[in-house]
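Written below as structure tokens is the structure these notes are about.
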Amino acid sequence: MSNLDNEKVIRRFVDALHGGDLTTIADTLAEDASWHLHGTLPVAGHYAGRDAVINDFLGQGLGLFADGSLKIELTTIVSDGPIVAIEWHATGQSTNGNPYDNEYALFFRLSDGKITAIREYCDTLHVKDALYG
């Protein structure tokens, strides 16, 4: 697939995540997709398989936000073959009432129009303070 085609998949994924559309998220992920978040947060780790990414990782992470409060703005997208790198700005409110404002870098690997791997980087201290504090 072309760089533009891969970027379209990622834009669709980000839009679905922003809107909480798990059906579209599942459609963009390969069955053996993985998501990796470095660090010591309770949600950090390696999630292997589409079901683990959606149910275990996203289920935990999205559950830390007050309903409807999470906003994701895609600010940068760069692609080179099967790799797409993005930055996004996320804001919202935690379930415990804390404001959330964090910037992320994510690296995606795609194959045949599906996301096969995601590596996420963010300010995990802010995540800990705002969402778990």
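Read-outs throughout are calculated quantities, based only on the coordinates presented, and are distinct from any laboratory measurement. Keep in mind that what you see is a predicted model, and the values were worked out from it rather than measured. Virtual Cβ from ideal backbone geometry, glycine too; neighbours counted across all protein chains shown.
Listed values, structure above:
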{"read-out": "Residues (closer than 28 Å to residue 130 by Cβ and out of contact with any strand residue (DSSP E or B) (no Cβ under 6 Å at 6 or more places or on another chain)) located in the range 3-16", "value": "11, 12, 13, 15, 16"}
{"read-out": "The range 105-125, residues that are buried (at least 16 other Cβ atoms within 10 Å of the Cβ) and either among the hydroxyl-bearing types (Ser, Thr, Tyr) or not in a strand (DSSP E or B) (or both)", "value": "116, 124"}
{"read-out": "Hits in the range 1-46 (condition: more than 22 Å from residue 70 (Cα to Cα), hydroxyl-bearing (Ser, Thr, Tyr) and either in contact with a Cys (Cβ under 7 Å, 6 or more places away or on another chain) or not in a loop (DSSP other than H, G, I, E, B) (or both))", "value": "34"}
{"read-out": "Count of residues meeting criterion [loosely packed, with under 13 Cβ neighbours inside 10 Å, under 18 Å from residue 128 (Cβ atoms) and among the β-branched types (Val, Ile, Thr)] in the range 38-85", "value": "1"}
{"read-out": "Selection within the range 86-104 - more than 24 Å from residue 49 (Cβ to Cβ), crowded, with 18+ Cβ neighbours inside 10 Å and under 14 Å from the mean Cα position of the chain (by Cα)", "value": "90"}
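Residues checked against (1) among the basic types (Lys, Arg); (2) in a strand (DSSP E or B); (3) under 20 Å from residue 1 (Cα atoms):
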residue	(1), (2), (3)
59	no, no, no
68	no, no, no
72	no, yes, no
75	no, yes, no
85	no, yes, yes
89	no, yes, no
96	no, no, no
100	no, yes, no
103	no, yes, no
